[in-house]
Structures are given as structure tokens and as C-alpha cells.
């Protein structure tokens, strides 16, 4: 499983229905679980971004499908990044020739 961090902003449509954001997050969590994705945490934030979601997913394709599915609803725009632990990074840099 890999860890992914998604930084999210509401669209105009998403902010108009902000009162439903927690319920939408619950639906997202249910969808993620069905896809084999574990939601580590969801944070509603102040500042440049509106949400940060941290997930563990089996591979890039599954997490891409999950966030494309979420984005297709029209309420958010997501920027998702693969995150590495210190141990993973040690292995990566350890293999540099």
C-alpha cells in the first residue's frame, strides 16, 4: 500500500452545497473502502486549500480512479501526491547509482 496526500479546493458548485460536506465525505469514505482504499484522515482547512485527505491505496491506478470519481461529481478539484515514509525514502535514495 502506498500513502497519498490530496489537497482539495471546492468548486463554485461545491461551496454552494457546503452544508453537505460532511455527508459527502462519509460517502467518499464508503466508496474508498469498496475500492480497497483506507482513509487515514480528512481535514477541512483554512487558507489556500479547503481540504486535505490522506489515504493508503494499493496502487496509483486505484487512487487515481478514486479521486477522478470524486472530482467528476463537480464539487472539488483535487491535487494528489504520492507520499513516502522515511524508510521508503531511504530505500529510494539508497538505490541511486
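Every read-out reported here was derived from the displayed coordinates using simple, explicitly stated rules and does not represent laboratory data. Keep in mind that what you see is a predicted model, and the values were worked out from it rather than measured. Note that each Cβ is placed from the backbone with ideal geometry, even for glycine, and that neighbours are counted across all protein chains shown.
If a residue has to be touching a strand residue (DSSP E or B) at 6+ places or on another chain (Cβ under 6 Å) and either surrounded by fewer than 12 Cβ atoms within 10 Å (Cβ to Cβ) or farther than 23 Å from residue 48 by Cα (or both) to count, how many in segment 64-97 make the cut?
2
Going by the conditions given, is residue 66 over 13 Å from the mean Cα position of the chain (by Cα) and without any contact (Cβ under 8 Å) to a residue 60 or more places away in the chain?
No, not satisfied.
Looking at segment 1-15, which of its residues are assigned to a helix (DSSP H, G or I) and surrounded by 14 or more Cβ atoms within 10 Å (Cβ to Cβ)?
The answer is 14, and nothing else.
Mind listing just one residue for me: the one in segment 16-47 that is in contact (Cβ under 8 Å) with a residue 40 or more places away in the chain and surrounded by 15 or more Cβ atoms within 10 Å (Cβ to Cβ) and, of those, farthest from the chain's Cα centre (by Cα)?
Restricting to residues being in contact (Cβ under 8 Å) with a residue 40 or more places away in the chain and surrounded by 15 or more Cβ atoms within 10 Å (Cβ to Cβ), the top hit is 24.
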